[in-house]
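Written below as structure tokens is the structure these notes are about.
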Amino acid sequence: MAGFLPKGKKKSEEEDEMSFLDHLEALRWHILRSLLVVAILMLVAFFSKKLLFHDIILAPARTDFWTYQFLCRLSVMLEQPFLCVDKLPFIIQSRTLTGQFSTHIGVSFIAGLVLGFPYVFWELWRFVKPGLYPKERKATRGAVFFVSLLFFMGISFGYWILSPLSINFLANYRIDESIQNEIDLMSFIETLVFMVLTCGLMFQLPMVILVLAKAGLVSAGFLKTYRRHAIVAIVIVAAILTPSPDMFSQMIVAVPIYMLYELSILLAIRAEKSEVANP
């Protein structure tokens, strides 16, 4: 009998090893399918050059951009001329021979990744979900929809609000009138993409808090107790994200972040009630 124990133990180890390899194989296919979708969307973006660059990427560099037009109309209503953006004194240049082509490829990939985010997250969720308990699956129902919704809300906020405010301030900032702003194409795009994607991730705060609350790491009481500290942190973050020194621009950024914090508190309360109702 004792002679069979090592064999049984070895078989168990082999089964565990196969199970681990099966998981790796499943993960590989999830990744491959995600990359395929991103590649297809990247090609669509690549062949939509005018829409991608003239109408989207470079649009905040022109005064006919919707946000600037809205601010000008608002400046008339409020009789505050400083709000109107009627000039952006800079030009965008490509300083390397391969600059425009490599930028075209890089931006197309980012566009494919952004457009394919719901599918990529869905594939990731399909891999993670089987490892959850039924109670955890129920608590995270609709995760793909809400994560994707918050991501695109953040992308929209970064593109329509944060980026124009920052570009306007940086374009009009002068240390000396003799210096001309001739911005490198990659510098402009990197700044724009950074601000937009940062907002997309920042808007995931409610989902992060919900997961932490479900794990018992954060409570609604904790969030309420440190609300004042959070407000100070939000103001600091808004000041960092918005280089403009005027309070109007900073408040435009700070208010949505604070609303996300309050939403996080509501989600934490809901998670706690769910835990009590279904211990």
Inset, instruction - Could you list all residues from the range 125-151 that are buried (at least 16 other Cβ atoms within 10 Å of the Cβ) and either part of a helix (DSSP H, G or I) or at positive phi (or both)? - result: Ala139, Ala143, Val144, Phe146, Val147, Ser148, Leu150, Phe151
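Suppose the filter is hydrophobic (A, V, I, L, M, F, W, C), out of contact with any strand residue (DSSP E or B) (no Cβ under 8 Å at 6 or more places or on another chain), at pLDDT 90 or above and surrounded by 15 or more Cβ atoms within 10 Å (Cβ to Cβ); does Phe157 pass it? Quick ask: steps written out before the conclusion?
On the way: hydrophobic (A, V, I, L, M, F, W, C): yes; out of contact with any strand residue (DSSP E or B) (no Cβ under 8 Å at 6 or more places or on another chain): yes; at pLDDT 90 or above: yes; surrounded by 15 or more Cβ atoms within 10 Å (Cβ to Cβ): yes.
Yes; evaluated as a whole, the condition is true for this residue.
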Legend entry - Criterion (over 18 Å from Ala61 (Cβ atoms) and hydroxyl-bearing (Ser, Thr, Tyr)) met by exactly one of Thr191, Thr140: Thr140
Inset, instruction - Identify all residues within the range 232-265 that are surrounded by fewer than 14 Cβ atoms within 10 Å (Cβ to Cβ), of a type in the set (A, V, I, L, M) and more than 19 Å from Ile155 (Cα to Cα); write none if there are none. - result: Val232, Ala233, Ile236, Met247
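Of the residues Phe90, Phe82, which single one is in contact with a helix residue (DSSP H, G or I) (Cβ under 8 Å, 6 or more places away or on another chain) and more than 23 Å from Lys50 (Cα to Cα)?
Values: Phe90 fails: more than 23 Å from Lys50 (Cα to Cα).
The unique qualifying residue is Phe82.
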Inset, instruction - Given the conditions (1) at pLDDT 90 or above; (2) under 20 Å from Ser264 (Cβ atoms); (3) loosely packed, with under 15 Cβ neighbours inside 10 Å, report the number of the one that Asn181 does not fulfil. - result: (2)
Inset, instruction - Starting from residues that are modelled with pLDDT of 90 or more and of a type in the set (D, E, K, R), keep the ones in the range 193-231 and report whichever is surrounded by the fewest Cβ atoms within 10 Å (Cβ to Cβ). - result: Arg228
Inset, instruction - Answer yes if at least one residue in the range 87-104 is surrounded by fewer than 13 Cβ atoms within 10 Å (Cβ to Cβ), of a type in the set (A, V, I, L, M, F, W, C) and either part of a helix (DSSP H, G or I) or touching a Leu at 6+ places or on another chain (Cβ under 8 Å) (or both), and no otherwise. - result: yes
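Can you name every residue in the range 241-271 that is among the hydrophobic types (A, V, I, L, M, F, W, C) and either more than 22 Å from Leu197 (Cα to Cα) or in contact with a Gly (Cβ under 6 Å, 6 or more places away or on another chain) (or both)? Quick ask: steps written out before the conclusion?
Here is the first cut: in the range 241-271, the ones among the hydrophobic types (A, V, I, L, M, F, W, C) are 241, 247-248, 251-255, 257, 259-260, 263, 265-269, 271.
Within the range 241-271, Met247, Phe248, Ile265, Leu266, Leu267, Ala268, Ile269, Ala271 qualify.
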Legend entry - Hits in the range 163-193 (condition: in a helix (DSSP H, G or I) and within 21 Å of Arg95 (Cα to Cα)): Ile167, Leu170, Ala171, Leu185, Met186, Ser187, Phe188, Ile189, Glu190, Thr191, Leu192, Val193
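The values are calculated or read from the model by the stated rules, or taken from the named source; none is laboratory data. Only a predicted model underlies this, so the values are computations on that prediction, with no experimental measurement involved. As a convention, Cβ positions derive from the backbone with ideal geometry for all residues, glycine included, and neighbour counts pool all protein chains shown.
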